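Undergrad: First, the structure itself, so that you have it in front of you.
Every read-out reported here was derived from the displayed coordinates using simple, explicitly stated rules and does not represent laboratory data. All of these numbers come straight from a predicted model, not from anything done at the bench.
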């Protein structure tokens, strides 16, 4: 600290005004009077305390030091799942405030909602920790988990998709054939059968791939016709 009206010699009754150096704040009287005894009245003389800017740690954040006094440089970071907006480096200024403000906001998983082709999504939040429930349309099966969680760095826990169900190849009947070319075996596809000349079809002449991934009818049989006597 220093006196603003300091002179080499002072007389009884003169008053000295005391000020704090930059980065310090006053505690006590700002003046001191010269007494008749030739001494300064120091009963309530000023004391200068280092300026403190208080704790700058944001909610869901952390700092690299516990010091908060004048000229302290603080690095601010956020917990996993949160992103920093504002200043990541702040300094305690001589007016007792920080040079900037840091806020930790939940990380946003994506700019748009999760889209599931041939299915539906329950839930519309895209912030860290949010979850979605997935369901495929009839005739489709889910490839991946049915519950997604928004993770750090804007990524969903899985990239699940809905895949159309496939009933698999249908074996041609003996002495017969499948009429469809090409043969499609996925959901709602229909195949038709016919027997070779001289044979009769016993059973269904068609089969459809249903929503469970199974054909609706068994393979037909081609029976040889009887020759007329």
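Undergrad: Sort out for me the Cα centre separation of segment 156-171 from segment 54-76, rounded to whole Å.
TA: Between the Cα centre of segment 156-171 and that of segment 54-76, the gap is 52 Å.
Undergrad: Taking a cut-off of 12 Å, what percent of all Cα-Cα pairs in segment 176-224 are separated by more than that?
TA: Details: 705 of 1176 pairs.
Considering segment 176-224, 60 percent of its Cα-Cα pairs are separated by more than 12 Å.
Undergrad: I've got another one for you. Considering segment 72-138, what Rg and Dmax in Å follow from its alpha-carbon atoms?
TA: Rg then Dmax for segment 72-138, in Å: 19.2, 68.
Undergrad: Using the Kirkwood radius over Cα pairs, work out the Stokes-Einstein diffusion coefficient for the chain at 20 °C and 1.002 mPa s, in µm²/s as a whole number.
TA: 82
Undergrad: Across segment 61-106, what fraction of all alpha-carbon pairs, as a whole percent, falls in each successive 10 Å bin from zero upward?
TA: 31, 51, 17, 1
Undergrad: So what is log10(I(q)/I(0)) for segment 119-164 at q = 0.26, 0.27 1/Å, when the Debye sum runs over its Cα atoms only?
TA: -0.89, -0.94
Undergrad: What number, in nm² with one decimal, is the all-direction average of the projected area of the convex hull of the alpha-carbon atoms of segment 48-164?
TA: 8.1
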